[in-house]
Amino acid sequence: MIDREKVDIAIIGGGPAGMTAAIAARKKGIENLLLIERNESLGGILNQCIHEGFGVEIFKEALTGPEYMQRFIDEIRKKEIPYILNSMVIDISEDKELTIVNESGLHRINAEAIILAMGCRERTRGQIGIPGSRPAGIYTAGAAQNFINLRNLMPGKRIVILGSGDIGLIMARRLTLEGAKVLAVVEILPYASGLPRNITQCLEDFGIPLYLRHTVIDIRGKSRVESVKIAEVDDKGCFIRGTEKEFECDTLLLSVGLIPENELSRKAGILLDPVTGGPIVNDRLETSVEGIFACGNSLHVHDMVDFVTMEGELAGIHAANFVRGAVNKKGRIKVRPGNGVRYTLPHYINGDSDVRLSLRVREPWRNRRLVVKGDERTLKEIRKLRLNPAEMIRIELKKEEFGDLKELSVEIK
Amino acid sequence: MKRVFEVIIIGGGVVGCAVAREFSKYRITTLLLERESDVAFGTSGSNSGVAHAGFYMPPGTLKARTNIEGHRILPGLCRDLDVPYREIGKLVVAKEEDEIPYLEKLKKQGDENGVRDLRIINDRVMGEIEPNIHGIRALHSPTSAILCPFTLTIALAENALTNGVRFLLNTVVTGIQSNEREFIVRTNRGEFISDFVINSAGLYADKISEMAGISGYRIYPCRGEYHILDRNKSGLIKHLVYPVPPINSGGLGVHLTPTVHGNIMLGPSAEYIEDKDDEGNSADTMDSLYKEAIELLPGIEKRDFIRSFTGIRAKLISSGSEKPADFVIKEEFDGFINLVGIESPGLTSAPAIARMVVDIVKRKRDLEIKSDFNPRRKGIIRFSELPANKQATLIQKNPNYGRVVCRCETITQQEIIDAIDNPLNAISLKSIKNRCRAGMGRCQGGFCGPKIVEIIEEMFSPGVREMTLKGDGSELFTGRVRDAREGMGNER
């Protein structure tokens, strides 16, 4: 037997984005909403992020992941927002019907609006093509974090980390504190891909060497990792012979990027941006399918959870407005990344309200200007001492600034 | 345990397991020895997974004969053993005029071998049935099929086990002695005695032969590398797509293989190597395969691949040899049956080879058919492949089906439990993955890995070092982070 239900708003994912979206929608007066979480508790990945540094923007204090998420869980309980755990959405149709699997059965839910907040996953060895054998001891940084922080299991003792993403940096410190030896963090780019504060606090403070312009060229060991070979790379990313170094180790951690989870978005026929890996959205955070909104890491990978929360709030507000009959348009002003900018979000804006652009630069710059242009005319210039691809940049624009333009772009000068 | 058997089979690949299953139809005590912690951990677990129709092998060879017969047996066998088998057909594609004679040669060979419905099609017909593939002509073989090679091997083993064959995993043969009456097979787990020894040791068949005093065989390991594409690219091709292989390439050329699980695999390369255990991918080969993939299938990018793996062919000829070697399937001396050089089409041929082996034994001994032989084996229920109403009923009966553990492949907790609780008692992450696919998707176990470890701990409470990726030595963890007895607040 498959039961059916109708809700005004279904929110997929009970991490920071989904929780805030649910709270925001409820604040807007939506009673009949449902927050759906696949794990056994709300909070998403924050459950395993026991280090501190969350909430600096929103709460003006540095909280641990569980502390940060608890504030939202408390609010969800206080507001009596309905949520279900251990429940996996396995399908979304274009007419916004969700299929959910959990222990009580298979459920079909017709939603007036849907908010996608599924988070992201880690890029794996297979996607970057690391040569070598396939022994035990190769983990993504997030999986290792889960084992250590949630399951009391130590993934290894002598560790090489490929990739300088934030989780990898956090794990370098965590493993060191638990008595493991982190021999090297290896980054193929000429600069670190994690936040500068994490480079300082997680590597430099512990004397862990960071090898820039290096990559792993071989993994050895039949049963368990025995050694990892790294080498310097040239501008094309090819390794330079004669620069090889071999580390005897039992573990290789991968922190080589995050990918927004959008398998469900694909099933719903939502158009995705190949650069962000997330849906194409307008300034209502509405995707190409009317009434389906996206936020958080499933829209694009964020550097800080505070910004995920803010984006979730926006998605909740707009989904509520949509349910209340607000007419959304695709957005007539196209937003485009210009010189030196990797992506800009949202992709389209309507021009009838203020907007916050999110963007990331392609590479690090010092002493540059971020230039916002409208139809080739400069609207705004922001001086930046440092621009770093690891950091998401946000620019607020007033609707008066761009009201009747056709195109907006952001570039670096 | 019992140490005296009538038959000892050395090697738990698809051939050894097929032989075991064939013997299990008769009243004959059989033991299978496998050095790894599970069956199908060698070549049988890492190949293209193709049931060849039988046009590649010259008429009259054992390869051709067993291929044709194996291909005839497989559909029914897979039905009995609950192993997915899909007859999707194959295209061997010629891109240049001078490759057309090769297609004609294959067709003639196939016709002589008795392969059904082979035809050579032109570019227009090819465009209709396989729009993403371009060429000037193709050999179309509608009866070529795909199956999952490790699922078949596991199924054969489980069915053989049900019917009385004993399996010893983690058992390395170290010596074979024979006298007029019997064989004494020495292993790291003691000695076993038998009347017959079947050598199906794959890459190590030469070493086992040597132990039995037969010299003259040498296995040349030839490594093939593969890349696996994300399932969301599965619509790109419908058939197996093979090229006209380069001369003396050691294989059938880099081809595109849809899998029964909905991925497309690309490979294999062919590289003769020194070390039979060197299963690593090499940087150069990986790169050239990526390039070939992108050439074969426009619209593919490197990031669309989710995993790479290698399989090693057990070849009887070395690099550069012009004449292909045939399978060796023979009784070398009284009671010692050698199966050497079983490379492609070994997966297809396995059931036929198994019958040949039993026939050899039958010539020397009356084998009584077991009246209670059960030809059927039930696999793990695959939740994601069921229609919605069946899924709902299943959850009602058992709520564990309502807990999705592997989100990429939609594998439920009950499937994981069934995979862990398997008849062969193979409990590594790889064994679990091979049985229920958990961890085979795009996140490669990043999310479900920790959950599976949790389920294993709940079911068995094994020691930390007993949890492995693929058996002894491949421990997943080096220990606990904290001693559980310390408790809270004791850290100082």
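Read-outs: derived from the displayed coordinates by stated rules, not from any lab. Being a predicted model, the structure only gives us computed values, none of them experimental. Glycine gets a Cβ as well: all are built from the backbone with ideal geometry, and neighbour counts include every protein chain shown.
Long hydrophobic helices in chain A, taken as whole DSSP H segments with a C-alpha length of 24 Å or more on their own axis and mean Kyte-Doolittle hydropathy at least -0.5: A:305-323. Please report, to two decimal places, log10 I(q)/I(0) for region B:241-365 at q = 0.12, 0.22 Å⁻¹ as given by the Debye formula with identical point scatterers on the Cα atoms and no solvent. Taken in order of the listed q values, log10 I(q)/I(0) reads -0.60, -1.38.
Per residue of the protein assembly as shown, the DSSP helices (runs of n ≥ 4 H) give a summed -39500 (n - 2.57) that works out to -7500 deg cm²/dmol at 222 nm. Exceedance of the 32 Å cut-off in Cα-Cα distance is limited, within the set B:K63/B:K95; B:K108/B:K238; B:K302/B:K378; A:K60/A:K399; B:K207/B:K323, to B:K302/B:K378.
Look at B:I214, A:I100 and count the other Cβ atoms within 10 Å of each Cβ; fewest to most, that gives B:I214, A:I100. Report, to one decimal in Å, the Kirkwood hydrodynamic radius for region A:63-104 based on all distinct Cα pairs. About 12.6 Å, per the Kirkwood formula over Cα pairs.
Averaged over the residues of peptide A:152-159, the number of Cβ atoms from other protein chains lying within 10 Å of each residue's Cβ is 5. Evaluating kT/(6 pi eta Rh) at 37 °C and 0.692 mPa s, with the Kirkwood radius of region B:137-258 over Cα pairs in the Stokes-Einstein relation, gives 174 µm² s⁻¹. Shape annotation for region B:162-214: C-alpha extents along the principal axes are 33, 28, 19 Å, from largest to smallest. Legend: residue pairs A:K181/A:K222; A:K181/A:K245; A:K267/A:K330; B:K315/B:K370; B:K90/B:K233, Cα-Cα distance threshold 25 Å; pairs beyond threshold, B:K315/B:K370.
By the count of neighbouring beta-carbon atoms within 10 Å, fewest first, B:L168, B:L296 end up ordered B:L168, B:L296. Note on chain A: with a GNM built from Cα contacts shorter than 10 Å, the maximum mean-square fluctuation among A:V56, A:V225, A:V160 falls on A:V56.
Every Cα-Cα pair of region A:278-413 was included, and the share exceeding 22 Å stands at 36 percent. About its Cα centre, chain A has a charge dipole of approximately 860 debye under the convention of +1 per Lys or Arg Cβ and -1 per Asp or Glu Cβ, with nothing else charged. The count of lysine pairs in region B:383-486 that are at least 8 places apart or cross chains, and whose C-alpha atoms lie under 24 Å apart, stands at 7. Our compactness index for region A:305-384, the C-alpha radius of gyration over the empirical 2.2 N^0.38 Å, is 1.28.
Each principal axis of the Cα atoms in region B:383-486 has its own extent, and those three values, largest first, are 47, 28, 27 angstrom.
Structural size metrics of region B:282-330, computed from C-alpha coordinates, are Rg and Dmax of 16.1, 48 Å. When B:V172, B:V254 are arranged by Cβ crowding within 10 Å, least crowded first, meaning fewest neighbours, the order is B:V172, B:V254. DSSP beta bridges confined to chain B are antiparallel in about 75 percent of cases. Scoring B:441-454, A:330-343 by mean Cβ neighbours within 10 Å over their residues and listing the highest first yields B:441-454, A:330-343. The Cα atoms of chain B define a convex hull whose projected area, averaged across directions, is 26.7 nm². Taking every Cα-Cα distance in region B:1-144 and sorting them into 10 Å bins from zero, the calculated P(r) comes out as 10, 30, 30, 18, 9, 3, 0 percent. Per-residue Karplus couplings for region B:190-200, computed as 6.51 cos²θ - 1.76 cosθ + 1.60 with θ equal to phi - 60°, are listed in order as x, 9, 10, 10, 8, 8, 10, 10, 10, 8, 10 Hz, Gly and Pro entered as x. In region A:1-119, Rg over Rh equals 1.00, where Rg is the alpha-carbon radius of gyration and Rh the Kirkwood radius from pairwise Cα distances. The mean number of partner chain beta-carbon atoms within 10 angstrom of a residue's beta-carbon across peptide A:117-130 is 5. Computed over the protein assembly as shown, the P(r) tail beyond 57 angstrom holds 14 percent of alpha carbon pairs. Put simply, the Cα atoms of chain A extend 64, 59, 38 Å along their principal axes, the longest span coming first. Averaged over the residues of B:302-313, the number of partner chain Cβ atoms lying within 10 Å of the residue Cβ comes to 3. May I ask you to list the aspartates and glutamates whose Cα is less than 19 Å away from that of A:K96, ignoring any residue fewer than eight positions away on the same chain? The reachable aspartates and glutamates, counting only those whose Cα sits under 19 Å from A:K96, are A:D3, A:E5, A:D8, A:E31, A:E37, A:E112, A:E261, A:E263, A:E286, A:E290.
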